[in-house]
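Okay, structure first, notes after.
The values are calculated or read from the model by the stated rules, or taken from the named source; none is laboratory data. These figures come from a predicted structure and were not determined experimentally. For neighbour counting, all protein chains shown are included, and Cβ atoms are generated from backbone atoms with ideal geometry for every residue, glycine included. These area figures cover heavy atoms from the full protein model, side chains too; ligands, DNA and RNA do not enter into them. Shrake-Rupley method; radii C 1.70, N 1.55, O 1.52, S 1.80 Å.
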Amino acid sequence: MEEKKFVENITSQKEDFSRWYTDVILKAKLADYAPIKGCMVIRPYGYALWENLQRVLDEKIKKTGHENAYFPLFIPKSFLEKEAEHVEGFSPQVAWVTKGGDEDLIEPLAVRPTSESIICSMFSKWIQSWRDLPLLINQWANVVRWEKETRLFLRTTEFLWQEGHTAHRTQEEAEEEAIKMLNVYKEFFEKDLSIPVVAGVKTENEKFAGALRTYSIEVLLADGRALQGGTSHNLGQHFAKAFNITFQDVDGERKYVWQTSWGVSTRVIGALIMTHGDDFGLVLPPKVAPYQIVIIPIWKDEKDKEKIYNYVDDVATILREYFRVFVDKDEEHTPGWKFNEWELKGVPVRIEIGPREVEKEEIFVARRDLRTKISYKKINMVPELKNLLEDIQKTMFDKALKFRNENTYEVESLEEFKRIIDKRRGFIKASWCGNGNCEISIKELTSATIRNLPFDWKEEKGKCIFCGKDTNIKALFAKAY
């Protein structure tokens, strides 16, 4: 009865997916609403998850030769205005500081919506020669964008992210960098988060303001909506010309650098929740879960308590050499309550230890993703648990990939397109003529956007689903967050 009451506190996905999502975040204590409209407080369990994501991705970024730095939160208005397309794209979302103490500022300061302009101002100072290139910088920071509609983790007024910024000698080097970092994100999502993605190039209408080209990885969530997981931009020389970032090349000529920028944010946590979660709460991939294993002692008689606790402590000591482990010795709640609590928090493996396990020198193991149980001998538990966590990681990816494949549709007409978007959602593969006006018209009629033009899709002859013109472009459409 206690388990049923606890689970009922979470709205089921089928009843209201949006409400389910919020329930899970609040009840698993990942985050809470802040007293400032549109902002969130990331609670310790949610921040531990973010730290693990950050640690894994930061290592991958550094392996590609990038170094971390930090740039100011405030950006002079004149800096944003130097690149016209850029300021136009961000203008509606910029928060401004106009007073310092009791005095009006001579020049308003933008609270960082993104850092291209402030970083470019420093690049123009640091780069003088071809010997200074490539310049490979990454920053972990917070960002403020004044959003009208917000949702925890997916879209908040302030959020956390990493943003890479690089400068190169040639266009080819910048293009190689932009694709390379997109592939870093793809590997991060698929290998570490167990989330399959579709990588491709954004359309002109959907590209980053001021970029030459934008690439993205797109995720299909469990409610059939898409989420942009990460982006990588080839900025061309737009910012270099605006900020006069030049260098003396090997031939003695003064030239503009070629640049990139790329980033992922705390919306990754939203992607994790909405890809893997179920009606019992979170389901977290072992590679990034705050705790990979939780151990719960089970005892009824006081005479068993000390013996069980000693056994639990011994097991925990061994396992902590290899895994992130939490021992739940809270005596105010029953074991059944704890089972529900840790299922809600998405811990990949739960170990239950009672008198039987102590007597048999075993551990009783429950895996969160499939909600199945098995016993292991204590002497074999380390290799068995290593294999189990690897299997959980793979099984979660396979399940998400199967869902995406089953919810990806190819259509040949606008009527079929609208029917699927209205009733099923999912990814839609459809012919598009490449005209931005057709793209806008499809969005106005269906609320679906072109997520990207996938790299893996071969050119196929077809007719644009809106205007009927012959084309060989296939675009990935979806309703998105």
> Quick one: net charge of Lys463's neighbours, Cβ under 9 Å, K/R +1, D/E -1?
Replying inline: 0
>> Given an 8 Å cut-off on Cα distances and at least 6 residues of separation, report the relative contact order of the stretch 115-185 as a percent.
In response: 31 percent
> Of all the accessible heavy-atom surface of the stretch 196-342, with the other protein chains kept in place and a 1.4 Å probe, what percent is carbon and sulfur?
Replying inline: 46 percent
>> I need two numbers for the stretch 178-290: Rg to one decimal and Dmax as a whole number, Cα atoms only, in Å.
In response: 17.9, 65
>> Checking the table Lys82/Lys479; Lys191/Lys345; Lys82/Lys186; Lys14/Lys474; Lys29/Lys303 against a 23 Å threshold on Cα-Cα, which pairs fail?
In response: Lys82/Lys479; Lys82/Lys186; Lys14/Lys474; Lys29/Lys303
> Between the stretch 193-237 and the stretch 245-309, how many Å separate their Cα centres?
Replying inline: 19 Å
> Given that just one value was derived from the coordinates, which of (i) 50.7, 157; (ii) 25.3, 85; (iii) 38.2, 137 is Rg and Dmax of the Cα atoms in Å?
Replying inline: (ii)
> So what is the relative contact order of the stretch 30-95, in percent, for Cα pairs below 8 Å that sit 6 or more residues apart?
Replying inline: 15 percent
> To the nearest 10 degrees, how steeply does helix 302-319 sit against the main Cα axis of the chain, on a 0 to 90 scale?
Replying inline: 40 degrees
> Roughly how large, in nm² to one decimal, is the mean projection of the convex hull of the alpha-carbon atoms in the stretch 358-481?
Replying inline: 10.4 nm²
> So how do 196-203, 325-332, 390-397, 301-308 stack up, highest first, on mean other-Cβ count within 10 Å?
Replying inline: 196-203, 390-397, 325-332, 301-308
> Of Gly252, Val97, Ile318, which is farthest along the charge dipole of the chain in the positive direction, counting Lys and Arg as +1 and Asp and Glu as -1 at C-beta?
Replying inline: Ile318
>> For Ile353, what residues show an amide H to amide H distance below 5 Å, using hydrogens built from the backbone and excluding near sequence neighbours?
In response: Ile296, Ile298
> How far is helix 267-276 tilted, in degrees, relative to the longest principal axis of the Cα atoms in the chain, given as a value from 0 to 90 rounded to the nearest 10?
Replying inline: 50 degrees
> Taking Cα pairs under 8 Å and at least six residues apart, what relative contact order does the chain come out at, in percent?
Replying inline: 14 percent
> Helix 171-187: angle to the longest alpha-carbon principal axis of the chain, degrees 0 to 90, nearest 10?
Replying inline: 20 degrees
> Say each of Cys467 and Gln248 gets a label point 7 Å from the Cα, pointing the same way as Cα to Cβ; how far apart are those two points in nm?
Replying inline: 5.0 nm
> Can you list the aspartates and glutamates whose alpha carbon is less than 17 Å from that of Lys255, not counting same-chain residues fewer than 8 positions off?
Replying inline: Asp132, Glu172, Glu173
> In straight Cα distance, which lysines are under 20 Å from Lys469, not counting same-chain residues fewer than 8 positions off?
Replying inline: Lys418, Lys429, Lys443, Lys458, Lys461
> With charges set only on the Cβ (+1 for Lys and Arg, -1 for Asp and Glu), what does the dipole of the stretch 207-327 come to about its Cα centre, in debye to the nearest 20?
Replying inline: 540 debye
> Short version: what are the Cα gyration tensor semi-axes of the stretch 235-358, square root of 5 times each eigenvalue, largest first, in whole Å?
Replying inline: 55, 18, 9
> After finding the eigenvalues of the alpha carbon gyration tensor for the stretch 7-133, what semi-axes result from the square roots of 5 times each, listed largest first in whole Å?
Replying inline: 37, 24, 14
>> Please report the antiparallel percentage of the DSSP beta bridges confined to the stretch 276-394, to the nearest 5.
In response: 60 percent
> When Lys and Arg each count +1 and Asp and Glu each count -1, what net charge do the other residues less than 14 Å away from Arg155, Cβ to Cβ, add up to?
Replying inline: +3
> On full extension of the chain, what length is gained from Glu302 through Lys27, given 0.36 nm per residue of separation minus the C-alpha to C-alpha distance?
Replying inline: 95.8 nm
>> Within the stretch 383-403, list the residues whose amide N lies under 17 Å from a label point set 7 Å along Cα→Cβ of Glu190.
In response: 393-403
>> When only alpha-carbon atoms are used, what values of Rg and Dmax, in angstrom, describe the stretch 293-389?
In response: 12.4, 35
> Over what distance in Å are the Cα centres of the stretch 53-131 and the stretch 380-441 separated?
Replying inline: 35 Å
> Could you work out the helix-only [θ] at 222 nm for the chain, with each DSSP H run of four or more residues adding -39,500 (n - 2.57) and the total divided by the number of residues, to the nearest 500 deg cm²/dmol?
Replying inline: -11000 deg cm²/dmol
> In the calculated pair distance distribution of the stretch 232-280, what percentage of Cα-Cα distances lie above 13 Å?
Replying inline: 69 percent
> So, by mean Cβ neighbours within 10 angstrom, what's the order for 92-98, 234-240 with the highest one leading?
Replying inline: 234-240, 92-98
>> Once you order the gyration tensor axes a ≥ b ≥ c over the Cα atoms, which shape class does the stretch 147-232 get: rounded for a/c under 1.5, otherwise prolate or oblate by comparing a/b with b/c?
In response: prolate
> Hey, what's the stretch 302-411 come to in accessible area per residue, 1.4 Å probe, Å²?
Replying inline: 53 Å²
> Per the Cauchy relation, a quarter of the hull surface: what is the mean projected area of the convex hull of the alpha carbons in the stretch 192-257, in nm²?
Replying inline: 6.8 nm²
>> Straight-line reach from Lys423: which aspartates and glutamates fall under 20 Å, measuring Cα to Cα and dropping same-chain residues less than 8 apart?
In response: Glu15, Asp16, Asp223, Glu406, Glu410, Glu412, Glu415, Glu444
